[in-house]
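The values are calculated or read from the model by the stated rules, or taken from the named source; none is laboratory data. This structure is a prediction, so every number in the text was calculated from the model and none was measured. A quick note on method: Cβ atoms are made from the backbone with ideal geometry, for glycine too, and the neighbour counts reach across all protein chains shown. We work out accessible area using only protein heavy atoms, side chains counted, and drop any ligands, DNA or RNA first. Shrake-Rupley method; radii C 1.70, N 1.55, O 1.52, S 1.80 Å.
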Number of protein chains: 2
Amino acid sequence: MPDFTDKLRPSQPDGPTTLARERAQSSISIDELGNHLLSSDGFLQRQARILSILQREPLLSKDKQQNLSRPERFKLGLARAKLLRRLVDRYQWSYDDYKMAEYLVSDVSPYFLHLEMFITTVREQASEAQRAHWMPLIESWRIIGAYAQTELGHGSNVRGLELEARWDPQTQEFILHSPTLTASKWWNGSLGRIANHAIVVAQLLLPKPGSSDQYVSHGPHPFIVQVRDMKTHQPLEGVVVGDIGPKYGYITMDNAYMLFNKFRIPHSAMLSRYSNVDPETGIYTKPAQPAVVYGSLTYVRAQIVHHARLVLARAVTVAVRYTAVRRQFKDRDSDGSGPEMSVLDYPTVQIRILPLLATTFALHYTGLAMRTVYENARQDVERGEFHSLAHMHSMSSGLKSLCTMLAADGIETCRRALGGHGFGGGSGLIELNNDYLSKPTVEGDNWMITQQVASYLIKKMTTAVQAPHTAGSDELDSRFKEFIRNGVSNSRTAYRVLEKDEDIAKGFELRATALAYDAYQQRVLKKRSWNSLLIQLHKLSKAQSKSILVREFFTALSTDNTLSSSIKTIMWHIYRLFALHTMENEGYEFFRCGAVSQSDIDILPGRIQDLMAKIRPHAVKLVDSWMIPDYLLDSALGRYDGRVYEDLYNRAHRLNPLNEITFNPNYWEHEIVKGSGDDGSGILSKL
Amino acid sequence: MPDFTDKLRPSQPDGPTTLARERAQSSISIDELGNHLLSSDGFLQRQARILSILQREPLLSKDKQQNLSRPERFKLGLARAKLLRRLVDRYQWSYDDYKMAEYLVSDVSPYFLHLEMFITTVREQASEAQRAHWMPLIESWRIIGAYAQTELGHGSNVRGLELEARWDPQTQEFILHSPTLTASKWWNGSLGRIANHAIVVAQLLLPKPGSSDQYVSHGPHPFIVQVRDMKTHQPLEGVVVGDIGPKYGYITMDNAYMLFNKFRIPHSAMLSRYSNVDPETGIYTKPAQPAVVYGSLTYVRAQIVHHARLVLARAVTVAVRYTAVRRQFKDRDSDGSGPEMSVLDYPTVQIRILPLLATTFALHYTGLAMRTVYENARQDVERGEFHSLAHMHSMSSGLKSLCTMLAADGIETCRRALGGHGFGGGSGLIELNNDYLSKPTVEGDNWMITQQVASYLIKKMTTAVQAPHTAGSDELDSRFKEFIRNGVSNSRTAYRVLEKDEDIAKGFELRATALAYDAYQQRVLKKRSWNSLLIQLHKLSKAQSKSILVREFFTALSTDNTLSSSIKTIMWHIYRLFALHTMENEGYEFFRCGAVSQSDIDILPGRIQDLMAKIRPHAVKLVDSWMIPDYLLDSALGRYDGRVYEDLYNRAHRLNPLNEITFNPNYWEHEIVKGSGDDGSGILSKL
């Protein structure tokens, strides 16, 4: 309905004017930097091609989705997920095309687990015969599968799972049974309402030889199990399965609970590429190389590390563009004649956003490095060499923990820097934050898995201490041996972190090495209990992972010979900002181990402010280079064109279903919706 | 529907067993500590009395509310708010009774602004005649009002508001007009769908004497304006008003946008206790004492500071109880025979939760002190003395910033410490977090308002420097003068923070004083620009506010003579944990100013771990003492009785509407709900 507000425009200078000036003041070529970051595997071309298809589909409009209830939002998520799968057929999309579509739509797909853990587990752990039977059904989506490992009472400790798979030699079947409530499967994605099959992880119980009623547990094993009827989609007899209910995010995902009551499955259900139970003798065959099981977990962690940069880039894009457009107060020391200041010109806004902008690039280069390490290790494994697994496992664990923490906290820091509008749905950061808040916990809790890094580093230090004068077997070993040869005291010459870029990376490495040595001392020499050291080990892991971020950033810039010098200069500033800002926040640790002098630490705040001033004019173009499309951002505040206030108003005035309802504000009348005559029993019935 | 899961129980030891053991191992009397904290103003008795009434009302059941859409949830919120108001009549509740009911229901009431800013502004800024007219209508809820100040383009900078109130001498009316889109009122609570009146803050424009078309702005002034028709509840002609749409939290609040098109209001609309326009001459009378305007803002900030402890206590209650119940892994150094460990026994869980438990008490004592300072200052003002306003304003600004940051970040830290179940709706922390995330921004952005603290401290330091040898006029002045008399260098004898409890507080004060002196040097002596110092000023404000938290905690324990010695001993441990943990995280600043020696800082991590070990056995009883009822917690994880897993399962299996829907998972079929025949157009229509 037209009204007088249709003709109103924002006050001047408006968003488009401001962003045009921002872009004019920087010499950065967005195309050059964007291609440098994202074109190596055709990402940008794919993004453009898929985006144009998605934007033609009304079902993929995000305009009103934040107003839906959980059941409605789930229906929408399912309808979209089915549509995407039909688009695969229609446009003959590759797997990468499909994943791009999922990324742009930004719903967590209810088919997610079918395409990831279900298919991967069958591919990697099923026997030839099992694969021949199942893979065609899975790949054609004739069956939909999930992965049911975590239970109500056990997540991190997989060995503690309670669900039993008891071998019955008479019938040559396994009997799945949940002995307790805490044995209920829990959190298993895609299984709550959608999947009809699942990989079910259960304790394998085999009869004790010579006994008729005693069983021996052989630990958790995967079974492939049909759980719902293919016609009615109802749970099979002996299975209780459903969705666990509302969550922080993941609103379009049906995370499941599932219990079994003496539910019989055939011998062929046990995935038997690595382990097996002989159906005739009941004799168990163990996997030859247990390390292979870590493969897919490490892959998922490496993926999470690589993805973190794009997640954080979304938040930083919104924050930089909006704080450039938003103006508030005139300069307190000015004569008061000019316009109000862009809030991004306040150092207190810069200090929250620009280090995070720098973090997106740090995450990028480390993400690439992680991928390379993963691919090399995989090639090693395929050649039968397992020596690089421990390094890869440690690196992926430490980085998963650190990078998801940086990204999750970074989103929220950006959101708060937006002022009041950051709390509104037009920020585009609410669903992003809600969904991403799962990441610090899933695939290995961020605090728990740092033990794996520390354990690896203590082992490496123990080896290094034994022969410090021999040549190092790898970079870490060499660094540790050098530390020991130089004497472990802290009275060393500090690195010149304000003058030499490589010295910054060395400073981070020295801190991590010193902490690794401390941990070695406590655990190996002083025999302190593991649990009493956990806080220290967590700090060690973080320090080590941060040294990787800094070193990979340094190496990428040092070895690059493609970037133009104008961009390269700015990228070095960004490197320094990321590293020195991190260093300032943890200044005491760098001081204590002698990596940085007290006088240098005292200079850091001023240096950081200088670096921010150098980066500030390029901030908008730097986020532009991440090439996040408006459709993905779904943010009034972060729009490429800067039409912030027009968009916020449009969402409020034209796209808000609450405004279609007239309420009755009189407390003495029970009616809620004016003229409805409903005395409130309508809403009561939903409780 | 009964099924085999009805009979299942969690594995042993279950939650009730575990919590019973936890409570048996601590000598703390919950009654004693609970009364110490919460009985001074009858809080606990009131809580019990109101709770028993609320729990009889089906409309106040929280079981399924997380599944509702925004419009449904708003209807529910309104229905509940009306019910609460009817309960006021039925039970003759006092205002405190009503606020208790709101607190326990934990919806943000759509009438919130009517009862707070609307009524307060009329009471404080209306003339006698205006009050006589409006107050009876407001107090009887015959009209519902809101407070419309913030605009789409201006929040923090109130002077920059764009809405105009132009005086028309011919008709003796003001003309409200929104010249731009950014002039739209925005965020104004209770106004989007509910209120029919509002205090509207607009730039007062008066004709320039001797000119017919030029106007002079006299800055923002409040007007009381009817905006909706009392019968139809539709906006009046010339007014566009509506709800701004989905937000992070505040789902039951109708935050508004509102614009005016040459909308005429009578002369009597301008609230004229302090300023006035003579209707005949058009001559403007200024307020005598502009400081009075700060009164209500300071009151709100003081309230927020005082409330923060209960908000954080909710999150910590959930975290402590659930991490006591949750078991995961056996001790790595044990023989493996015992049960798995309570995760609260891991130092890496303790270090996240126990300092926050300590923070609830720190917030408590400072909240009480803030209230006293506020009440004393108010009495001063009523006696016509304004000297204490600046101190109160600075203290409330700094503490509002710090305390809401501690509480907001603390909720999320607790949530992540819960593992996977922290991401689920059964945590009870999702709505709490979503709502509370507004607090770092509202009533003065947490970063912006720290300037007010710094500005105050620089002024105080400037005075102190001028006469360091005279007696101090107040505590701060004395502290600053002592600092100057002792010489400002950092080569002083460090405080013995590990041995003397008061030395900890002195260490915090010295840090703040040293930073205040630095800021004074930069701003006053070196004439640095204000904006270039903002980051430093923010750090100064935080340091000052933290010193208040530590000092007030110390003073409360030192002067208390009511607590039993067993509780007092534990409270001193809690004090030390709060302060030393804060100190460790910012170790470099304490070291740099000479407040703490390097050797003491190096000992802090070990000392903190020792303190946590001493507090750990009392953790469950300490959170019990906050007396948060299960109804308010609404948390499966945080239940008093520890029946965590039974409750999580009940929510999933029996209270989840998504499980009433059977979906069609076949992607090649458009149908979403199995058997519905709907091809997806149902959900499409909601987009």
## Note on the structure
Taking segment A:191-228 and keeping residues within 14 Å of another protein chain (Cβ to nearest Cβ) and charged (D, E, K, R) leaves A:Arg193, A:Arg228
### Query
Within segment A:519-529, can one find any residue that is out of contact with any helix residue (DSSP H, G or I) (no Cβ under 7 Å at 6 or more places or on another chain) and within 11 Å of chain B (Cβ to nearest Cβ)?
yes
### Query
Any idea how many residues of segment A:497-536 are in a loop (DSSP other than H, G, I, E, B) and over 15 Å from A:Phe591 (Cβ atoms)?
7
### Query
Consider B:Ser541 against the criteria (1) of a type outside the set (Val, Ile, Thr); (2) surrounded by fewer than 19 Cβ atoms within 10 Å (Cβ to Cβ); (3) touching a Gly at 6+ places or on another chain (Cβ under 8 Å): it satisfies all of them except one. Which criterion is unmet?
(2)
### Task
Exactly one condition in (1) in contact (Cβ under 8 Å) with a residue 60 or more places away in the chain; (2) within 22 Å of the chain's Cα centre (by Cα) is not met by A:Phe43; state its number.
(1)
### Inter-residue pairs, beta-carbon under 9 Å, first at negative phi and in segment B:208-232, second aromatic (Phe, Trp, Tyr) and open to solvent by 50 Å² or more (accessible area, probe 1.4 Å), 6+ apart
B:Lys208/B:Tyr215
### Message
Would you confirm whether or not segment B:440-455 contains a residue that is surrounded by fewer than 16 Cβ atoms within 10 Å (Cβ to Cβ), modelled with pLDDT of 95 or more and of a type outside the set (Phe, Trp, Tyr)?
### Response
no
### Message
Looking at segment B:352-373, can you tell me whether even one residue there is out of contact with any helix residue (DSSP H, G or I) (no Cβ under 7 Å at 6 or more places or on another chain), modelled with pLDDT of 95 or more and surrounded by 14 or more Cβ atoms within 10 Å (Cβ to Cβ)?
### Response
yes
### Candidate set from segment B:62-120 (those that are part of a helix (DSSP H, G or I), acidic (Asp, Glu) and at the interface with chain A (Cβ under 9 Å from one of its Cβ atoms)); member that is most open to solvent (accessible area, probe 1.4 Å)
B:Asp89
### Meets criteria (hydroxyl-bearing (Ser, Thr, Tyr), touching a residue at least 60 places away in the same chain (Cβ under 8 Å) and not assigned by TED's automatic domain parsing to the domain that holds B:Leu356) for B:Tyr640
yes
#### Entry: Hey, B:Ala471 in the same structural domain as B:Asp602 (by TED's automatic domain parsing), open to solvent by 60 Å² or more (accessible area, probe 1.4 Å), among the small types (Gly, Ala, Ser) and in a loop (DSSP other than H, G, I, E, B) or not
yes
#### Entry: Only one of B:Ser212, B:Ser178 that is within 17 Å of A:Tyr649 (Cα to Cα) and among the polar types (S, T, N, Q)
B:Ser178
### Summary
A careful count of residues in segment A:187-231 that are among the β-branched types (Val, Ile, Thr) and more than 30 Å from A:Tyr111 (Cβ to Cβ) gives 1
### Task
Say whether the condition of being within 13 Å of chain A (Cβ to nearest Cβ), among the hydrophobic types (A, V, I, L, M, F, W, C) and crowded, with 22+ Cβ neighbours inside 10 Å is met by at least one residue in segment B:121-144.
yes
### Task
Would you mention how many residues in segment A:150-178 are part of a loop (DSSP other than H, G, I, E, B) and either away from every other protein chain (no Cβ under 14 Å) or more than 22 Å from B:Phe4 (Cβ to Cβ) (or both)?
7
### Message
Being closer than 20 Å to A:Ser597 by Cβ, of a type outside the set (Asp, Glu) and either out of contact with any Lys or Arg (no Cβ under 9 Å at 6 or more places or on another chain) or surrounded by 17 or more Cβ atoms within 10 Å (Cβ to Cβ) (or both) is the requirement here; does A:Met571 meet it?
### Response
no
#### Entry: Hits in segment B:402-433 (condition: open to solvent by 20 Å² or more (accessible area, probe 1.4 Å), over 14 Å from B:Leu633 (Cα atoms), touching a residue at least 40 places away in the same chain (Cβ under 8 Å) and more than 8 Å from chain A (Cβ to nearest Cβ))
B:Met405, B:Leu406, B:Thr413
### Query
Which of (1) at the interface with chain A (Cβ under 8 Å from one of its Cβ atoms); (2) over 29 Å from B:Cys414 (Cβ atoms) is the odd one out, the single condition B:Asp600 does not satisfy?
(1)
### Message
Restricting to segment A:179-190, give me the number of residues that are surrounded by 24 or more Cβ atoms within 10 Å (Cβ to Cβ) and more than 7 Å from chain B (Cβ to nearest Cβ).
### Response
6
### Message
Looking at segment A:1-53 only, could you name the residues that are among the hydroxyl-bearing types (Ser, Thr, Tyr), surrounded by fewer than 18 Cβ atoms within 10 Å (Cβ to Cβ) and assigned to a helix (DSSP H, G or I)?
### Response
A:Thr5, A:Thr17, A:Ser52
### Task
Tell me which residues, restricted to segment A:635-675, are open to solvent by 30 Å² or more (accessible area, probe 1.4 Å) and more than 9 Å from chain B (Cβ to nearest Cβ).
A:Arg639, A:Tyr640, A:Asp641, A:Arg643, A:Asn650, A:Arg654, A:Glu671, A:Gly675
### Query
Which is closer than 30 Å to B:Leu51 by Cβ and either at pLDDT 95 or above or out of contact with any Cys (no Cβ under 7 Å at 6 or more places or on another chain) (or both), of B:Leu580, B:Leu622, B:Leu604?
B:Leu622
### Selection from segment A:145-165 of residues that are open to solvent by 20 Å² or more (accessible area, probe 1.4 Å) and at pLDDT 95 or above
A:Tyr147, A:Gln149, A:Thr150, A:Glu162, A:Glu164
### Summary
All-but-one check, B:Leu59 against (1) in contact with a helix residue (DSSP H, G or I) (Cβ under 8 Å, 6 or more places away or on another chain); (2) among the hydrophobic types (A, V, I, L, M, F, W, C); (3) surrounded by fewer than 19 Cβ atoms within 10 Å (Cβ to Cβ); (4) more than 9 Å from chain A (Cβ to nearest Cβ), failing number (4)
### Query
For segment A:381-396, which residues satisfy the criterion of being open to solvent by 20 Å² or more (accessible area, probe 1.4 Å) and part of a helix (DSSP H, G or I)?
A:Val381, A:Glu382, A:Leu389, A:Ala390, A:His391, A:His393
